[in-house]
Amino acid sequence: MTGEKNNSKVVNPHDKVFRDVYSDKENARSLLADKLPDNVLKLVDLNTLEISKDSFIEKELADYYSDILYRVDLTGGSQGVIYVLFEHKSYYDKYVHLQVLEYMVKIWRLYIKQHKESPDCLPIVIPLLVCHAGKEWPQNTERLSSLLSGPVEELAGYIPDFAFELYDLHRYADDQIKGTIMSRVILLLFKHIRDPDLRQKLPGILAL
C-alpha cells in the first residue's frame, strides 16, 4: 500500500479487504499458525511477528495485487530471520510464480540496501498464497518448475525453483477454517462469495 491518496476505482475489492484484515498481526499470526507446515512452525517464533511496511508492487498495479510482508525470528536462539509473503488470488493465475519471484527478488534487494555492510546471507522468504478462485487450484502446481518443459530434473541446477504454501479455500470444509474471528469471517466470505445461496449462509457466517 502506497499511503498516497488514490481516488481511482478499486479494481479488486477482495484484495483491499485481504490487505486490511491481514495487516493486523493477530489475524496474520492465526493464519500462519493454522496453515504453515509443522516442520516450518517449529523453526519460527510467531510471537516475534512484525509487519514490514514496504510494498513490492508497482504503484500502478496497487489495485490489482496484494502483498503483505511479515518478518519473524527463528526459534531456539538461532541467528537470523525469515520473511513470510502473503499473496491473495480470487482467480487461478497459472503464472503466479513469476509474480512471487519478482517480489522475492525485490525483498532481497531491499534487505541488502537496508544493511550498511553487505550481509553475509539473505533471509529465506516463504510465500503463502490464499486462493478462492471459481474452482479448485490445480494439484501439484505449487513449484515454479511445474511451469517448465524439457529435462527439468537434469537441468535443475539452472532453475530458480521454489514453492509457495497454498491455502485453497475450496479444499476445506467450513469448520476446518480456523483463526481469529475476523480471519474466519473473511475467509468464509471469500470461499462462498460466488455461491448462489450466499444470502442464506450470511447469517451463520456473521454470527461468528
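The values are calculated or read from the model by the stated rules, or taken from the named source; none is laboratory data. If you're wondering where the values come from, they're calculated on a predicted model, not measured in any experiment. All Cβ positions, glycine included, derive from the backbone under ideal geometry; neighbour counts span all protein chains shown. Note: areas computed on protein heavy atoms with side chains; ligands, DNA, RNA excluded. Shrake-Rupley method; radii C 1.70, N 1.55, O 1.52, S 1.80 Å.
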Could you list all residues from the stretch 161-198 that are of a type in the set (S, T, N, Q) and surrounded by 15 or more Cβ atoms within 10 Å (Cβ to Cβ)? Thr180, Ser183
Name the single residue, out of those in the stretch 1-24 being touching a helix residue (DSSP H, G or I) at 6+ places or on another chain (Cβ under 6 Å) and at pLDDT 90 or above, that is surrounded by the fewest Cβ atoms within 10 Å (Cβ to Cβ). Val21
Tyr158 passes all but one of (1) under 17 Å from the mean Cα position of the chain (by Cα); (2) open to solvent by 80 Å² or more (accessible area, probe 1.4 Å); (3) more than 22 Å from Arg19 (Cα to Cα); which number fails? (1)
Scan the stretch 25-38 and give yes if some residue there is under 24 Å from Leu110 (Cα atoms), exposed (fewer than 15 other Cβ atoms within 10 Å of the Cβ) and at pLDDT 90 or above, otherwise no. yes
In the stretch 91-121, which residues are assigned to a loop (DSSP other than H, G, I, E, B) and modelled with pLDDT under 90? His115, Lys116, Glu117, Ser118, Pro119, Asp120, Cys121
When you look at Ser145, is it without any contact (Cβ under 8 Å) to a residue 24 or more places away in the chain, part of a loop (DSSP other than H, G, I, E, B) and not hydrophobic (A, V, I, L, M, F, W, C), yes or no? no
